[in-house]
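Okay, so here's the structure we're looking at.
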Amino acid sequence: MSQMILSWSMMFAQVCLVVAMALAALRMSRGPRAQDRVLALDTLYVNSMLLLMVFGIRTGKVIYFEASLVIGMLGFVATVALAKFLMRGEVIE
Amino acid sequence: MSTIEHAADLPAWAALAVSFFLVIGAGLTLIGTIGFVRLPTFYERIHAPTLGTSWGTGGIVMASMIFFTVLSTRLVVHEILIGIFVTVTTPVTLMLLARATLHRDRVEGNPGVPGEAPAETGEGDGAAAGAD
């Protein structure tokens, strides 16, 4: 019984995160201005990181934790660089 | 719907706790992203995805910690690295993005944007000093 609840909640979490990623991609494709697209990219990064963590729980492997850690770091650097670009027009001054 | 093989000897309370935190985390992330799509202006939209970076990440990190700790019968807390990292970096990125947006709106002279800060007294209170 509890195994079935666990399995269904993992399926629910994966579906929720995939729908969230689709909504973020929708906002990134039609966002009116550049800052909306940058924020949508940041949201997409966070959602994919959480999706990989749920996938790691589902398969019981630690490699997905490392993948999600790398995704989180790359997302931080990418968003900071893009925000800097929006502010100044160049990344490295 | 097949059961999960490697979690066959997980006790019931741990399975229920993991399920609870998974549903909480993923549901709050979805709610935050729905708000991000539906809210009208950028300054309102920037608040919504933080639901996913605070309780969404917290819930899923806690579910992963409970799952691997109970399953391997030793303390597994390396997921908390992700929680700390996301908690520290999200305010930094969103603050930078909001200030860049404010700068762009002021340069373009868009309506509904607070004007320049009256005097450059300090760097830290720039975002709050513009509101009248």
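The values are calculated or read from the model by the stated rules, or taken from the named source; none is laboratory data. Here the structure is a predicted model, which means the values were calculated and not measured. Ideal geometry is used to build each Cβ from the backbone, glycine not excepted, and the neighbour counts take in all protein chains shown.
Taking region A:44-83 as the range and being within 21 Å of B:Ala63 (Cα to Cα) and among the hydroxyl-bearing types (Ser, Thr, Tyr) as the test, the residues that pass are A:Tyr45, A:Ser48, A:Thr59, A:Tyr64, A:Ser68. From the residues in region A:8-35 that are modelled with pLDDT under 90 and part of a helix (DSSP H, G or I), which one is surrounded by the most Cβ atoms within 10 Å (Cβ to Cβ)? The selected residue is A:Gln35. Go through (1) under 17 Å from the mean Cα position of the chain (by Cα); (2) farther than 20 Å from B:Leu28 by Cβ for A:Ala20 and report which single condition fails. Only one criterion in (1) under 17 Å from the mean Cα position of the chain (by Cα); (2) farther than 20 Å from B:Leu28 by Cβ is unmet by A:Ala20, namely (2). Take A:Leu86 and tell me if it is touching a residue at least 40 places away in the same chain (Cβ under 8 Å), over 16 Å from B:Ile60 (Cβ atoms) and more than 7 Å from every other protein chain (Cβ to nearest Cβ). No; evaluated as a whole, the condition is false for this residue. Among the numbered conditions (1) of a type outside the set (Asp, Glu); (2) more than 30 Å from B:Leu10 (Cβ to Cβ); (3) at pLDDT 90 or above; (4) crowded, with 16+ Cβ neighbours inside 10 Å, the only one that B:Arg104 does not meet is (3). Take A:Val38 and tell me if it is without any contact (Cβ under 8 Å) to a residue 40 or more places away in the chain and in a helix (DSSP H, G or I). For A:Val38, the condition - without any contact (Cβ under 8 Å) to a residue 40 or more places away in the chain and in a helix (DSSP H, G or I) - is not met. Each residue in region A:23-60 was checked for being within 8 Å of another protein chain (Cβ to nearest Cβ), of a type in the set (S, T, N, Q) and farther than 30 Å from B:Leu71 by Cα, and 2 of them qualify. Of the residues making up region B:76-89, one or more are modelled with pLDDT under 90, over 22 Å from the mean Cα position of the chain (by Cα) and over 24 Å from A:Phe85 (Cβ atoms).
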